[in-house]
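A short worksheet on the structure shown next.
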Amino acid sequence: MNKYTQWFDERLPIFSFMDKQLANKPTPKNLNYMWNFGSLAGVCLMLQIITGIFLAMHYKADVNLAFDSVQHIMRNVEWGWLIRNMHMVGASFFFIVVYIHIFRGLYYGSYKSPREVLWWMGIIILFLMMATAFIGYVLPWGQMSYWGATVITNLLSVIPFVGESIVVWLWGGYNVGDPTLNRFFALHYLLPFVIVGVVFLHLWALWTSKSNNPVGIDLKKQTDWIPFHPYYTIKDMFGLGVFLIPFTFMVFFLPDYLGHTDNYIPADPLKTPAHIVPEWYFLPFYAILRAIPHKLLGVVAMVASIAILFVLPWLDRSKVRSANFRPIYRQMFWIFLVNVFVLGWVGAKPPEGHYVIIGQVSTTLYFLFFLSLPWVSKFEKTKPLPTSL
């Protein structure tokens, strides 16, 4: 630091904190590119906040103006089309990055002691992302926005005693309308900053418990560690460059590819779409919801499909973290991953015929993966672990 930054740092130690916790933070020397997705998630979050602030300057949270204001942004606001495309595509890429980040944690056992709270913070971030994405999807006020909001918010009515009151409060009335849109806009603007707060706690837990590694062992030798900068900053920059290739391609050439065509029709409460489909990143959970014909049990199963991740550190009792040394768990993991894709495929199909049966089988396999872990942990014969990297 020069004398000016040193003078500032003596009064507010930002630079020394960054030097200790980022630049010179000891990091396992064998982290592969799967560890890039944490920093990429941070980039996606900042991109969503920045583009969202600019979109909010021109958006009108009014049922008579919302749809037209989005078209105004796309057609008349200078660079408005680019900002909205980045925000719209960025939401999908944010979920892609976070889902890969979570599956990496599942494979390498990053949820195991002493990283349970770190894992919890990540799942809370996922919950907040889903809430933010859902209410954001309502804001364009197209057909799928309106009917998606009507169907999903109605699910809260299954809560005993208070469910109906919660739905009425959330709607601001007795149907999805102008008060609903205003509330959703306010929440959609607020929740990303809540996510930033939880991300800070997530990073704090990471600094305390330190990073996991592909081998999944506790590092003791000094030679197993390297400073985060410049080794992993360069690696993250390379990963960001690779990430931007498909991202910019989607922004400029296929911005609507992951959306639904019905959402480019203004919302009409008197005309129901033939098939109500949520965004692709909700499809596996939507398939679990529809797999159970009972409304209450379906909602419970959908919520439990994410909430079960909170108790995963206690379901998986194996002392070995990495799936590289766990032959049975590794096979289960890949079956589980394929099954999640099957659930996503089923969620996009009409709930009829063989799609219902496939959805029910896939839902059973989904929960069976987690509930069988205590027995797998007990009987699995693991490979010997190395003593160092």
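The values are calculated or read from the model by the stated rules, or taken from the named source; none is laboratory data. This is a predicted model, so every value here is computed, not measured. Cβ coordinates were reconstructed from backbone atoms using ideal geometry, including for glycine residues, and neighbour counts include every protein chain displayed.
Of note:
- Any hit, region 230-251, residues being modelled with pLDDT under 95, over 21 Å from Arg321 (Cα atoms) and not in a helix (DSSP H, G or I): no
- Considering residues of region 200-219 that are hydrophobic (A, V, I, L, M, F, W, C) and crowded, with 17+ Cβ neighbours inside 10 Å only, the residue farthest from Lys20 (Cα to Cα): Val215
- Some residue of region 183-199 being of a type in the set (A, V, I, L, M), surrounded by fewer than 18 Cβ atoms within 10 Å (Cβ to Cβ), free of Cβ contacts under 8 Å to residues at least 60 places away in the same chain and more than 30 Å from Met121 (Cβ to Cβ): no
- Met46 vs. criteria assigned to a helix (DSSP H, G or I) and assigned by TED's automatic domain parsing to the domain that holds Val251: yes
- In the condition set (1) surrounded by 14 or more Cβ atoms within 10 Å (Cβ to Cβ); (2) under 27 Å from the mean Cα position of the chain (by Cα); (3) assigned to a helix (DSSP H, G or I), Val176 is compliant with all but (3).
- The set of residues from region 283-302 being exposed (fewer than 15 other Cβ atoms within 10 Å of the Cβ) and outside any loop (DSSP other than H, G, I, E, B) comprises Lys295, Leu296, Leu297.
- The test for being among the basic types (Lys, Arg) and assigned to a loop (DSSP other than H, G, I, E, B) holds for Lys319.
- Looking only at region 1-41, residues that are among the hydroxyl-bearing types (Ser, Thr, Tyr) and closer than 21 Å to Gly241 by Cα come to 2 in all.
- One residue alone among Thr5, Thr51, Thr27 is of a type in the set (Ser, Thr, Tyr), in contact (Cβ under 8 Å) with a residue 60 or more places away in the chain and either buried (at least 19 other Cβ atoms within 10 Å of the Cβ) or part of a helix (DSSP H, G or I) (or both), and that residue is Thr27.
- The one condition from (1) out of contact with any Lys or Arg (no Cβ under 7 Å at 6 or more places or on another chain); (2) surrounded by fewer than 18 Cβ atoms within 10 Å (Cβ to Cβ) that Ile226 does not meet is (1).
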